[in-house]
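Written below as structure tokens is the structure these notes are about.
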Amino acid sequence: MGYRLSDGTFRMQDQEFGGLQASAQESEKERVFVMASDQERIRERIKELLKKPGNGNCADCGVADPEWASYTLGVFVCHSCSGLHRNIAQISKVKSLLLDPWSSSELEFIDSVGNNAAKAKYEQIVPAFYYRPTSKDCMLLRDQWIRAKYERKEFMCVEMQEPYSA
């Protein structure tokens, strides 16, 4: 038999000992445990996705072992490039692979895209003379690359490219 207290918590009479126990708190602990186990399964899936070809490096600067991902673009990125993605928040939303909670739909989207497919889409026609920044380059060069690639979509069709002159 149970009853609700004035503070909103639900208490049940313990049949065996005649004492009170907080079953609402126990069910909350169970819910947290279930959520934690779901997140553990998601973490394992993230590890699997990182093993797919192309996903083991940052989609923008190429550094190994990215720790972030854009769940709106479907790419894995390094910590430095994730900060630049935050500057184009209307296009790219990022989460830490280890620290942030992930939904299964976000992971399904990243699985359906991934770094190689995103590169095929966003880097279709990069001019031969265009400099692709690496992890060793300054933030300004990487910011320009990321904005050209995702915000202005310069490398998807010739009409979107800025005029270049020698």
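Between residue 116 and residue 79, the distance separating the two model label sites (each 7 Å from Cα on the Cα→Cβ line) works out to 2.9 nm.
Between residue 151 and residue 135, full extension at 0.36 nm per residue minus the direct alpha carbon distance yields a gain of 3.7 nm. Measuring r between the beta carbons of residue 128 and residue 64 and using R0 = 22 Å, the FRET efficiency lands at 0.30. A simple count of charges around residue 93, restricted to other residues whose Cβ falls under 14 Å of its Cβ and scoring Lys, Arg +1 and Asp, Glu -1, yields -1.
Laboratory data are not the source of any read-out in this text; all were calculated from the coordinates shown. Just so it is clear, the model here is predicted, and its values are computed rather than measured. Backbone-built Cβ (ideal geometry, glycine too); neighbour counts: all protein chains shown.
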